[in-house]
Each structure stands twice: as structure tokens, then as C-alpha cells.
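The values are calculated or read from the model by the stated rules, or taken from the named source; none is laboratory data. Predicted model, so just to flag it, every value in this text is computed and none were measured. Here Cβ is always computed from backbone atoms with ideal geometry, including for glycine, and neighbour counts include all displayed protein chains.
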Amino acid sequence: MIYRLVFENLKHRPVRTLLSVVAIGVEVTLILTLVGVSRGVLGDMAARSRGTGADILIRPPDSAGFTFSLTMPEKVVNVVRAQPHVAMATGTFVKYIDSFNSITGIHVDEFNAMSGGLKVKKGRMFQAPDEIVVDDVYAKQHHLKPGSTTDLAHTWTVSGIVEEGKLSRTFGDIGALQQLFEARGLVSTIYVKLDSPANTAGVKDDLQKLLTNYKIDSIEDFVSLFSVNSVPYIEAFTRVVIGIAVLIGFLVVCLSMYTAVLERTREIGILKALGASPAYIVGILLRETVLLALTGTVVGILMTYGTRSLMAIFAASMPQEIVPDWYLTVAGIALAGSIVGALYPGLRAARQDAIEALAYD
Amino acid sequence: MTEVTAQNLTKTYRVGEIEVHALRGVDLKIEGGEFVAIVGPSGSGKSTLFNILGGLTPPTSGTVLIDGRDLIKMSEADRTLLRKTTVGFVFQKYNLLPTLTGADNIEIARDIAGKKGHERDPQFDETLALLGIASRLKHKPRALSGGEQQRIAIARALVNHPALLLADEPTGNLDTENSTAVLSVLQGLNKRLGQTILMITHNPEAAAYAHRTVTMRDGRIV
């Protein structure tokens, strides 16, 4: 019976109910989108690292995390090539333009041999020093096509669009980049392919002895860094967003229930006259809140499919994963925020004087 | 058996720094199965007596026994239990929950009393028959006339078989025809089912339906 009252109460004010559900849905979507984008971006970076076809990567001394901003002499590549079990090695040069953009210089033949080849979907591979190729994601996001120009610390002509999934989104000739950015004879990373992946650990150890201070990782070790837990700012940012989301849910539910309690003053008086205890009255409001929170969670989960489509249109380089393993957590977060939001209105309702409530018009 | 006994009952409200003596020593006895009307001008203390007997507010001093239970010693939780099990209310403004149908308005009173399911209740079936509202129970209050709403309110007040039915101006919002119907129903419930009823009214014609009339003035029974 009490559930019928709860349901009828929510139905009685459809706009307020709808707004509450949507607001909780936004709270849920905010969290799921952030987590999904974090995972999507990191997963995409990991996939592109694997897409090089390398077994080991070598970065200059003092490199940390997954940054490629330091450089080392290109002659190290030849030292690496001379080691047993090394099938091929190639150096790349990465020029960071800003937090979201970089351009990677490659030796096309070497990189193609190692990775299986950049597949040109439109146009052709770069040939002139100021030509680059971009992957289809970058091209879509920046509305580029063969012949377009783009500014990445230099005005480049896009000679072709390549299939995504291999190391970078933007490629140029390594020699041209080294010259342009005054880094002649320097590389950022050396990718190493072995005669057999089974030799990875041994070769890695041998290389580490040879290049003592260099940062040498197997691709799998390197890829394992691409997790939310390995990136402290993402974890902290996620917590901040969860906090803000919970606050939104709390405020919306608090306001919604507060107005509901004010509006239903007389009804609360009636229930009290019928012998309803404070717990019974709080129970009605809490049930309404739980129903709002759970419906809002479902709506929020559905809305993440919408945000994923929007991200694909407006920020294609930041793919969003759908994260079902977060559904229970986010439902818990939505419930907790909503229940805390309903507590004050609930207590106010429970404490209402029956005679005053019955006299309320 | 005596259903209600009040002796030297007082109630004093504090409004700001002013003390208002709403009841100044009320003595009242209502026997089981009696239908009593309380009349008196506004401010005479009728509503305060109604609220105390219904457990909506505690008395200040005196003795008041309902169904053998002393209200003066009751905590808030005890008074809640009293409203749940021992008294039923009928108000001038009907006070039905607007979001529920007539049937659900009755059912919610059963739910509050902790009665689940739809077990047979022949006595309540007889009450419903007397009220003549069977065909209107599926409607929400906004689709019911005042008289129908008040009869559903009476059914709700009686669904848990209270020892005492308290009615506060039950015909105050009704036209003559509906007033007569509601008063006849109350009288029928009293005669056929032996329901003890205390009714507050301004209307001498309504009071005439009761076995006896008690007049209040200035917080006392005169």
C-alpha cells in the first residue's frame, strides 16, 4: 500500500519528478562519462602503443610515466640493432605542441616494417618536408582532408589520411621534424622488435646493462601504465567530479523533497492523525527518494550512450568506453547523495505538528 | 462500559508570552455506544477537547481515560498508537489524501495500523454497506462529491474498529441533503454497530441526531 502512495505522489507532480530524475541522471552520466573517457583515452593510447608492433621501447634517462618529451642520440638505435635477438629497431621523434596535440616523426620504411604499415585511406604518404599524414580520428575531429593545412607549431599540409591505431595520430618525416625543431641527431623513443617475443625479458635486461640509465620497458609493462590508477591526476579529478555530482544529487533531491514536504503539509497531518509514526512518514519520503535515485541512475546510464555519441562527433580523439562495472558504484553514489538530501525534509515532515499540519491550507 | 472519562481536564497554550487557558477543568463521561454532540461558540474549547481526546495534543492536567488508557501519562509514541488503534477521526474538510482513490484512502489507514492483506472483515463490510459508497471507491477525491468524500472519510475512520469515533463539524462543508445523509450514516453506525461517537458541531439540527448534547463555553462544560 505504501508503495502505491509513493508512486501516486511521484505521479502527482510529473514535472518535479521528471526534473529530479533528469538531474540525478546528469549526476550519474557525469561520473560514467568521466570514467568512460578516462578508460577510453588510456585504452586507445595502449592500443596505439601495441600497434607499433614493437616488443621493447627505450626512452632517454630520467623519462617517467608515459611522456616522450626528452631526447637521446639517434646513434643509440644502431647500438640496439647490434644486440642479439633484435630483429629491427627504429627511432621516433615526438614534438609536443600542447597538452592534447603532438606530432611524431618517423622513418616511414622502418616504422612500416615494424608495425605492419600505416594504411593510407585517402591521399598519399608524406613526401615533402612540410607534409604530414594524420589518422582518420584526427582528420574527422579537425575536419581535415588531403590538401588541407593544419597548424602544429608550423603550418603543415596534410598529404593523406591513415588508419588509426598505430602509435600516433599525426606523422611526419623524422628528418624534417628534427631539422624544423632543432633536434638534429636526436630521437625521443626507440622501438625494438625482437626475433621472438619470448626473448623480451632477456633482451630487456641485456639492454638495461648496456644503456644503464635509459628507461627501458617491454611494451606490455609500458602499456600496463595506461590505467586510471597509474595516473594520479585522473583519480583525483574523478574524485572531485564524483564529489560535485553527489552535491548536485543532494541539492536537487533536498530541494525537491523540501518542496514536496511543504506542499504535502496537510497530507502529513492526515497521516499523523491516522496514527502514522515519524518513521512511517520518513519511510514514505525515503522510498520516493530511492525510486527517484534508481530511475535517475537508469536514465543516467542510458544518457552515457548519448554522451559517447557526442564525444565521437565533437572529440573523436577522446573515445568514451561504456563502463558497466561502474553501474553499481554509481547507483550507490546516487542513492547516498539522494538519501542524505532527503534527510532534512524527512525529519522536518516527521516533526511536523499534526494539528498545525491539518490546519494548513 | 465507560469509553471516555475526563476529570478536571485543563489545557493551557502559550502564545508568545501570553497563556491561553483553552480548557479550564472539563468533566465528561461518554458511555460505550453513546452518540454525544458537543456544541458551543467559537473559542469555547470544543476543538481543543477534540484534539486531546484524539491524542493529537497532550492535556496540561487532569485525568482523561479512553478505552481504559490514561492520556495524561502518554508519550508522543503512545498517542500515535492511540490514534492508530483506539480513535478514528472525521474532519470538516474530509482530509482524504488527494493522490489516492477512495479505496486506497481506506487501505492506507489499515496499512498504518499494521494490517496487511485483504482478510475478510464482515463488520467493516456492513459499515461500507451502510455508507453506500461501494461504487465510488475507485475514484480519487477530486472526482467525488463532498458527501461521498465525507462518507469515505467515515469508512477510513472506522476501518480499524476504533473504540471512539471523533467527528469535527462533519457536515460543515456539506449542503443540507448531504448533511442529512452523513448524519444519518453516523446515527446508523451508532445504532446498528454500537459505535461510540463524539461529534463537535455548531449546528443544533446536527446535534439533534445525537443521544445527548454537551454545551461548552469558555473552556468549561456548562
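Within the stretch A:303-332, the residues that satisfy the criterion of being part of a helix (DSSP H, G or I), within 15 Å of the chain's Cα centre (by Cα) and buried (at least 17 other Cβ atoms within 10 Å of the Cβ) are A:304, A:307, A:308, A:311, A:326.
Looking at the stretch B:58-70, I want the residues that are free of Cβ contacts under 8 Å to residues at least 60 places away in the same chain and have a partner that is among the hydrophobic types (A, V, I, L, M, F, W, C) with Cβ atoms under 6 Å, at least 6 apart or on another chain. Which pairs are those? Qualifying pairs under 6 Å: B:59/B:9; B:59/B:52; B:59/B:72; B:62/B:9.
The number of residues in the stretch A:136-188 being touching a residue at least 60 places away in the same chain (Cβ under 8 Å) and small (Gly, Ala, Ser) comes to 8.
In summary, residue A:335 fulfils each of the numbered conditions (1) part of a helix (DSSP H, G or I); (2) modelled with pLDDT of 90 or more; (3) in contact with a helix residue (DSSP H, G or I) (Cβ under 7 Å, 6 or more places away or on another chain); (4) surrounded by fewer than 19 Cβ atoms within 10 Å (Cβ to Cβ) with the single exception of condition (4). Filtering the stretch B:86-101 to residues that are polar (S, T, N, Q) and either more than 7 Å from chain A (Cβ to nearest Cβ) or in contact with a Phe, Trp or Tyr (Cβ under 7 Å, 6 or more places away or on another chain) (or both) leaves B:86, B:92, B:101. For the stretch B:102-126, the set of residues classified as facing chain A (nearest Cβ under 8 Å) and of a type outside the set (D, E, K, R) consists of B:108, B:109, B:112, B:113, listed by residue number. Just one of the listed residues (B:155, B:163) is within 14 Å of residue B:131 (Cβ to Cβ) and small (Gly, Ala, Ser), and it is B:155. When restricted to residues that are surrounded by fewer than 22 Cβ atoms within 10 Å (Cβ to Cβ) and touching a strand residue (DSSP E or B) at 6+ places or on another chain (Cβ under 8 Å), the stretch B:51-70 contains 8.
Taking residue A:128, is it more than 22 Å from residue A:51 (Cα to Cα) and either in a helix (DSSP H, G or I) or of a type in the set (A, V, I, L, M) (or both)? If you could, list the steps in order and put the result at the bottom.
Working: more than 22 Å from residue A:51 (Cα to Cα): yes; either in a helix (DSSP H, G or I) or of a type in the set (A, V, I, L, M) (or both): yes.
The answer is yes for residue A:128.
Restricting attention to the stretch A:346-361 and to residues that are closer than 23 Å to residue A:252 by Cβ and crowded, with 23+ Cβ neighbours inside 10 Å, the residue that is nearest to the other protein chains (Cβ to nearest Cβ) turns out to be A:349.
When the residues of the stretch A:161-183 are filtered to those that are among the small types (Gly, Ala, Ser) and not in a loop (DSSP other than H, G, I, E, B), the one that is surrounded by the most Cβ atoms within 10 Å (Cβ to Cβ) is A:172. Would you be able to say whether some residue in the stretch A:222-236 is within 32 Å of the chain's Cα centre (by Cα), farther than 30 Å from residue A:150 by Cβ and buried (at least 17 other Cβ atoms within 10 Å of the Cβ)? No, every residue in the stretch A:222-236 fails to be within 32 Å of the chain's Cα centre (by Cα), farther than 30 Å from residue A:150 by Cβ and buried (at least 17 other Cβ atoms within 10 Å of the Cβ).
The residues of the stretch A:258-290 that are surrounded by fewer than 24 Cβ atoms within 10 Å (Cβ to Cβ), within 11 Å of chain B (Cβ to nearest Cβ) and more than 19 Å from residue B:81 (Cα to Cα), listed by number, are A:263, A:266. Restricting the search to helices (runs of 4 or more DSSP H) fully inside the stretch A:1-109 and requiring at least 2 residues that are away from chain B (no Cβ under 14 Å) gives A:14-50, A:75-81. Residues that are within 30 Å of residue B:169 (Cα to Cα) and assigned by TED's automatic domain parsing to the domain that holds residue A:273 are absent from the stretch A:314-330. Exactly one residue out of B:48, B:80 is within 12 Å of another protein chain (Cβ to nearest Cβ), assigned to a helix (DSSP H, G or I) and touching a strand residue (DSSP E or B) at 6+ places or on another chain (Cβ under 7 Å), and it is B:48. Under the condition of being touching a Ser or Thr at 6+ places or on another chain (Cβ under 9 Å) and among the acidic types (Asp, Glu), the residues counted in the stretch A:308-326 number 1.
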